[in-house]
Amino acid sequence: MSLIVQKYGGTSVGNVERIKNVARRVARTFSQGNRVVVVLSAMSGETNRLVAFTQECSEFPISREYDAVISTGEQVTIGLLALVLKEMGYQAKSFLGHQVPIITDSSFGSARIEDIKPGNLMAELDRGVIAVVAGFQGVDADGSITTLGRGGSDTTAVALAAALKADVCEIYTDVEGVYTTDPNICSDARKLERVSYDEMLEMASLGAKVLQTRSVEFARKYGVPVMVRSSFNDATGTLVCKEDKEMEKVVVSGVTYNKDEAKISVLRVPDRPGIAALLFRPLTEAGINVDMIVQNISHDSQTDLTFTVTKTEFKHAMKLVKETAGKIEAEDVIGDPNIAKVSIVGAGMRSHAGVASRMFDVMAREGINIQMISTSEIKISCVVDVKYTELAVRVLHEAFGLGKTDVAEEK
Ligand code: ASP
Ligand code: MG
């Protein structure tokens, strides 16, 4: 008898008809002799609608009351699913975050899970009950409702799977798994059978929006196998798991892109100790995340410094950087939101040389100018003009032999 955590995303529970479909899948898993914990998101679009309400009421809504509002979408879906399951003759019970309890810190809007007490759920599972848990929410030490950041139901599911020592955490979504790249850009994109936690982390944070990054960190930390699959058919999905020797043979597993960043360049900054700290401190204090940073070698004790931030934080970041630039007598600050980050990811990069130069060759052949470069052990990212995004993705996907046709030829 296995213990399985199944998470269904917003489109999978988008209306009552779909919730009934989810109930049938859950019932099937239960009837096969498994203990089942279901984690649900809110109906698709619902959390956005709730966020918009809070913005109408307050200029800076993120607070205890914000979480009280935006966590309610999940309360609706878990109640409805439990109702349907009971109607079908199963024992089912809904659980809000505090009823589990899922204990978090008090960072409203992006709280971190600190502890999950599995006792309540275990007792119900032992009685043959299907537990239906609200994703995305928890409770802090004061008893206030908290939320885990957008897309946080994934993290609820993986964290529960870790706490309950589940055999697998299945993430049901509207795609069949993790692809070598966005199938909307490359019709040749192929579903991956397996990816390592590290690869998935790079892909998640680079813009492949299948799993919340934090959920993958959790899965890696506790070794939870995560299966990403579709709730609309029975195709096998993609298993996110520990890296093994087979995975290292594949140099590049995927090509990702992210159009959600903007670039800021500070020109002719005096090149002396402490300048970077001065520039970035106000950004950190404002909670603005800086991604890629490039500093050029200096001429006449002056240098150019370029970095990226998310598009939503771009205006705010520009304002703060201009203030500092004035104080440190930099020549100018230039912002450019029309960029995209295109990346290749693969566990095999650890043991294969020459991947970067091949990537740059491919871009050069297409006349795509690379504005910034950054690398990690298993990833290479290039910032390019946003108008080249699709072209870059396509040519890289082909050059690294990732398509269905490429694999068929090898066989
Ligand atoms: N409903 C939440 C959101 O839209 C959490 C989730 O769907 O994972 O962000
Ligand atoms: Mg999601």
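Any residue that is more than 16 Å from ligand 2 (Cβ to nearest atom), at pLDDT 95 or above and either surrounded by fewer than 23 Cβ atoms within 10 Å (Cβ to Cβ) or closer than 23 Å to residue 44 by Cβ (or both) - is there at least one of those in region 204-218? Within region 204-218, none of the residues are more than 16 Å from ligand 2 (Cβ to nearest atom), at pLDDT 95 or above and either surrounded by fewer than 23 Cβ atoms within 10 Å (Cβ to Cβ) or closer than 23 Å to residue 44 by Cβ (or both). Looking only at residues in region 332-362 that are of a type in the set (Lys, Arg) and surrounded by 15 or more Cβ atoms within 10 Å (Cβ to Cβ), the one that is nearest to the chain's Cα centre (by Cα) is 341. Restricted to helices (runs of 4 or more DSSP H) entirely inside region 100-206, those with at least 1 residues that are over 20 Å from the mean Cα position of the chain (by Cα), more than 16 Å from ligand 1 (Cβ to nearest atom) and without any contact (Cβ under 8 Å) to a residue 40 or more places away in the chain are 119-126. The single residue among 154, 140 that is within 15 Å of ligand 2 (Cβ to nearest atom), in contact with a strand residue (DSSP E or B) (Cβ under 9 Å, 6 or more places away or on another chain), closer than 26 Å to residue 75 by Cβ and charged (D, E, K, R) turns out to be 154.
Have a look at 31, 2 and point out the one that is under 20 Å from residue 160 (Cβ atoms), loosely packed, with under 14 Cβ neighbours inside 10 Å, of a type in the set (Gly, Ala, Ser) and more than 26 Å from the chain's Cα centre (by Cα).
Working: 31 fails: under 20 Å from residue 160 (Cβ atoms).
The match here is 2.
Could you pull out the residue among 56, 46 that is surrounded by fewer than 17 Cβ atoms within 10 Å (Cβ to Cβ) and either of a type outside the set (Gly, Ala, Ser) or closer than 23 Å to residue 228 by Cβ (or both)? That would be 56, the only listed residue that is surrounded by fewer than 17 Cβ atoms within 10 Å (Cβ to Cβ) and either of a type outside the set (Gly, Ala, Ser) or closer than 23 Å to residue 228 by Cβ (or both). So which pairs qualify, if the first residue must be in region 35-58 and under 13 Å from residue 22 (Cβ atoms), the second must be away from ligand 1 (no atom under 14 Å from the Cβ) and of a type in the set (Phe, Trp, Tyr), the Cβ gap must be under 6 Å, and the two must be at least 6 apart or on different chains? As it stands, the answer is 36/30, since those pairs meet every condition given.
Listed by position, the strands (runs of 3 or more DSSP E) inside region 216-274 whose residues that are within 30 Å of residue 333 (Cα to Cα) and either of a type outside the set (Val, Ile, Thr) or in contact with a helix residue (DSSP H, G or I) (Cβ under 6 Å, 6 or more places away or on another chain) (or both) number at least 1 are 254-258, 261-270.
From the list 8, 66, which one is touching a strand residue (DSSP E or B) at 6+ places or on another chain (Cβ under 7 Å) and either more than 16 Å from ligand 2 (Cβ to nearest atom) or within 19 Å of residue 152 (Cβ to Cβ) (or both)? Talk me through it step by step, then tell me what you get.
Working: 66 fails: touching a strand residue (DSSP E or B) at 6+ places or on another chain (Cβ under 7 Å).
None of the others qualify; the one that does is 8.
Only one of the numbered conditions (1) within 26 Å of residue 274 (Cβ to Cβ); (2) in contact with a strand residue (DSSP E or B) (Cβ under 8 Å, 6 or more places away or on another chain) is not met by residue 379, and that is (1).
Exactly one residue among 290, 294, 269 is more than 29 Å from residue 108 (Cα to Cα) and surrounded by fewer than 18 Cβ atoms within 10 Å (Cβ to Cβ), and that residue is 294. For region 5-28, residues that are surrounded by 18 or more Cβ atoms within 10 Å (Cβ to Cβ) and part of a loop (DSSP other than H, G, I, E, B) total 6. The residues listed here are 319, 341; of these, the one that is modelled with pLDDT of 95 or more, over 18 Å from residue 276 (Cβ atoms) and not in a helix (DSSP H, G or I) is 341.
The values are calculated or read from the model by the stated rules, or taken from the named source; none is laboratory data. Everything numeric here is computed off the predicted structure, so don't read it as measured data. Quick reminder, even Gly has a Cβ in these numbers, built from the backbone with ideal geometry, and neighbours come from all protein chains shown.
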